[in-house]
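What follows draws every value from the coordinates through simple rules; no lab data is involved. On a predicted model such as this, the values are computed, not experimentally measured, just so you know. Here Cβ is always computed from backbone atoms with ideal geometry, including for glycine, and neighbour counts include all displayed protein chains.
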Amino acid sequence: MNSGSLFAEVLKQENRHNPYPLYAQLRKTPVSRQDDGTYVVSTYAAVRSLLYDPRVSSDEQNNLRFKSGLGISTSDTPLRQPEIPPAFIFLDPPDHDRLRAIVMNQFTPQRIQAIRPPLEELVKDLLDKCRECQQIDIVDQFAYPLPVTVICKLLGVPLEDEQYFQERSTILANSLDPEQHYSQEDVCRVKQARAQLGEYMHKQLDNCRQHPGNDLLSAMIANGDLEAGRINEQEMIAISMLLLVAGHETTVNLITNGMLTLLRYPQHLDRLRQNPELAPKYVQELLRFEPPVQFRTRTTLADIEIGGTIIPQGVPLVLLFASAHRDPTQFEAPDQFNPDRHNNQHFGFGGSLHLCVGAPLARMEAEVALTALVQRLQSPRLAENMPEYRQGASLRGPRHLYVKVEGVA
Ligand code: HEM
């Protein structure tokens, strides 16, 4: 295959179940120019170098092609509301750092640890509901409701509204894939979803103002950053939308990819069942082996030379984390699932300035969830070898994962 069309293949739904052979072809050169002018970065060293390079921008204003749902303008949508600016994941310093600091002030270890008891209770309740089942859809019955409930609790958003925000959130999550295969109709749908979710979060913030709870959004408001002019109302809406979407659209895939991998490696499923204290190592390796975020997009602010290639200024860039994770010059036997590997420094949560804000929470959710699944599902086995995948190529994971069981303990 022509190397300039490999990334287009990665984006095709038919390759979602196993993009890794395509990544191996892309890694023949650290950076590969695609026919549409995108530069795809696929080796570990090149991804790392560009992830930390200040000449590489996350600001979607620098690159119209890569404008995704959380970054595009809402100004021409039918809803009458002020423009919602891009969330800070799509910004560079100094705005990125200013807005990220406001979230980090409230996203404290104590706040995350306080979620552990209700999280354990929720995991128990979800599995109790499966007691009579002989077949379980790990996604719909477990891996999806879990992070949605957790993020609602964290943000103080009512769980009853789940269907409303979920439909819009999924549209925005899918829009993280480069826009090249979107129709005009798709773009309108994304804009509409963003504007509606913005209006919804606006109402939630008003509610937090009138009836403050002990949630993160109420804490952000109470901190006085708005009054002090460190953030404006629309930026606050953008942040709360980002947290809502990022907080569950990824974690569902970590739990589902995790269970799928353990079922494909039954000796590891047994080992984790017998040694639950190994859960952090398992989650660390799952983030390398089947990362929920396969790639992120960027733009170059200058000509950059890397691995003998000059990437010109102003071009769209794809940092292919999941390919870097399978680079044999960085990871020994990278295609093997091995939770015992040393120095497992992957990009599952990104890196540098944009390192995932929710990483400690996501790790805790996945550790508690996977430990409970392997301990309580009796003789679990895959009902089908190849699950159907969700639409996203960037946020990649099964749409359903049917597992046959002898019961749930
Ligand atoms: C398994 C679950 C998760 C994975 C794999 C994941 C992955 C990532 C990755 C790769 C990035 C870097 C994006 C970039 O470089 O452009 C990121 C950023 C981010 N994540 Fe997560 N994430 C997860 C869960 C969460 C949760 C639970 C939250 C919030 C509650 C969250 C909030 C964020 C935010 C706000 C950013 C933007 C950080 C910035 O731009 O400074 N994530 N995440």
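Things worth noting here:
- For the stretch 351-385 and the stretch 155-210, distance of Cα centres in Å: 25
- Charge dipole magnitude, Cβ of K and R +1, D and E -1 - the stretch 3-408, Cα centre, debye nearest 20: 680
- Spin-label model, Glu277/Tyr20: points 7 Å from Cα along the beta carbon direction are separated by 3.0 nm.
- Counted residue by residue at 0.36 nm each, then reduced by the alpha carbon distance between them, the extension gain from Glu167 to Arg98 reaches 21.8 nm.
- Convex hull volume per residue in cubic angstrom - Cα atoms of the chain: 138
- Centre-to-centre, using Cα atoms only, the stretch 85-100 and the stretch 290-308 are separated by 18 Å.
- Across the options Pro398, Gln234, Ala193, the greatest Cα extent toward the positive end of the charge dipole of the chain (unit charges at beta carbon of Lys, Arg, Asp, Glu) belongs to Pro398.
- Within the straight-line cut-off of under 18 Å between alpha carbons, the lysines reachable from Lys191 are Lys67, sequence neighbours fewer than 8 places apart in one chain being disregarded.
- Each of Thr329, Thr251, Thr309, Thr297 was scored by other Cβ atoms within 10 Å of its Cβ. Listed from fewest to most, they are Thr329, Thr309, Thr297, Thr251.
- Helix-derived mean residue ellipticity, 222 nm - over the chain, DSSP H n ≥ 4, -39500 (n - 2.57), to 500: -13500 deg cm²/dmol
- Evaluating 6.51 cos²θ - 1.76 cosθ + 1.60 at θ = phi - 60° for every residue in the stretch 260-274, the Karplus couplings come out as 4, 5, 5, 6, 7, 10, x, 5, 6, 4, 5, 5, 5, 4, 7 Hz, glycine and proline recorded as x.
- Met386-Asn223 pseudo-label distance in nm [points 7 Å out on the Cα-to-Cβ vector]: 4.7
- Ascending count of other beta-carbon atoms within 10 Å, so fewest first, for His400, His17: His17, His400
- Members of Lys124/Lys153; Lys124/Lys203; Lys124/Lys404; Lys153/Lys281; Lys153/Lys203 lying beyond 25 Å, as alpha-carbon distances in this model show: Lys124/Lys203; Lys153/Lys281
- Candidate aspartates and glutamates for bridging to Lys12, where Cα separation is under 12 Å - those fewer than 8 sequence places away on the same chain excluded: Asp177
- Placed amide H near Tyr389: partners under 5 Å, 5+ positions off or other chain: Arg399
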